[in-house]
Every structure is written in C-alpha cells, then in structure tokens.
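The values are calculated or read from the model by the stated rules, or taken from the named source; none is laboratory data. Note that this is a predicted model, so its numbers are computed, not measured. Using ideal geometry, Cβ is built from the backbone for each residue, glycine included, and neighbour counts are taken over all protein chains shown.
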Amino acid sequence: MATIIELLPKEYGFVAIVLVIYCFLNFYMAAQVAIARKRYKVPYPTLYASESQNKDAKLFNCIQHPSICGVLGVLYIIARYFYFKGYATGDPINRLKIGNCLKNDEK
C-alpha cells in the first residue's frame, strides 16, 4: 500500500512551504499585537482599545487591522476559487476569465 507522500506530486512541497511560511507570518503578526498590548497598555481580553479610555487606541487598533484583513481575505478566497475553476477547464487562459468559469458551470 502506497503512503500519502508517495501519492503526492513532487512539486507539492511548494504548497507545504507556503503553508509553513504563512504560519510563521501569523506568529509574527500575533507577536506584534502582543507587543502593542504592552506598549499601549491594552489588557486582555479587550480586543479593541477605546479612545475614551486610551489615548493610543488608534495606534493599537491599526496594528490589528481586522476589517482590512477580513475583506482582503474574502477577496482572495473568491479570486482563488475562480482561478481554480478556470484552470480546471483544461485551458489555462480561462484561469483569468471569471465569466468563462460561470458559463462552464452551466453546461
């Protein structure tokens, strides 16, 4: 019986590398937020600093930037979905055309 590693393409290592790098990026961003909590005196479990309670609230909240990350994350997911659907048609040019992906789903 073949192991999972034997079944994966050789190039699949690139996907694993990207995942590991992304994990390190997440740890880095979490560390930056922890440092900002100490610097701007925003205790846990407070997620966002209030300007009425903390003069540096805006600086701390900008380090977290959850709204921007959320919107960009959703856009990335949608773009990747259409890229995949277009690429899966067998014609690589379709990965850049959202309309063609939708037409192919109707067939």
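Based on what the data block shows, is residue 87 surrounded by 10 or more Cβ atoms within 10 Å (Cβ to Cβ), within 30 Å of residue 37 (Cβ to Cβ) and modelled with pLDDT of 75 or more?
For residue 87, the condition - surrounded by 10 or more Cβ atoms within 10 Å (Cβ to Cβ), within 30 Å of residue 37 (Cβ to Cβ) and modelled with pLDDT of 75 or more - is not met.
For region 1-60, which residues satisfy the criterion of being in contact (Cβ under 8 Å) with a residue 24 or more places away in the chain and more than 22 Å from residue 73 (Cα to Cα)?
36
Just need a number here: residues in region 45-76 that are modelled with pLDDT of 85 or more and loosely packed, with under 10 Cβ neighbours inside 10 Å.
Going through region 45-76 one residue at a time, the tally reaches 1.
Do we have residue 34 as assigned to a helix (DSSP H, G or I) and either at pLDDT 85 or above or within 17 Å of the chain's Cα centre (by Cα) (or both) here?
Against the criterion (assigned to a helix (DSSP H, G or I) and either at pLDDT 85 or above or within 17 Å of the chain's Cα centre (by Cα) (or both)), residue 34 qualifies.
Of everything in region 1-21, what is surrounded by 10 or more Cβ atoms within 10 Å (Cβ to Cβ) and among the hydroxyl-bearing types (Ser, Thr, Tyr)? Give them in sequence order.
The answer is 12, and nothing else.
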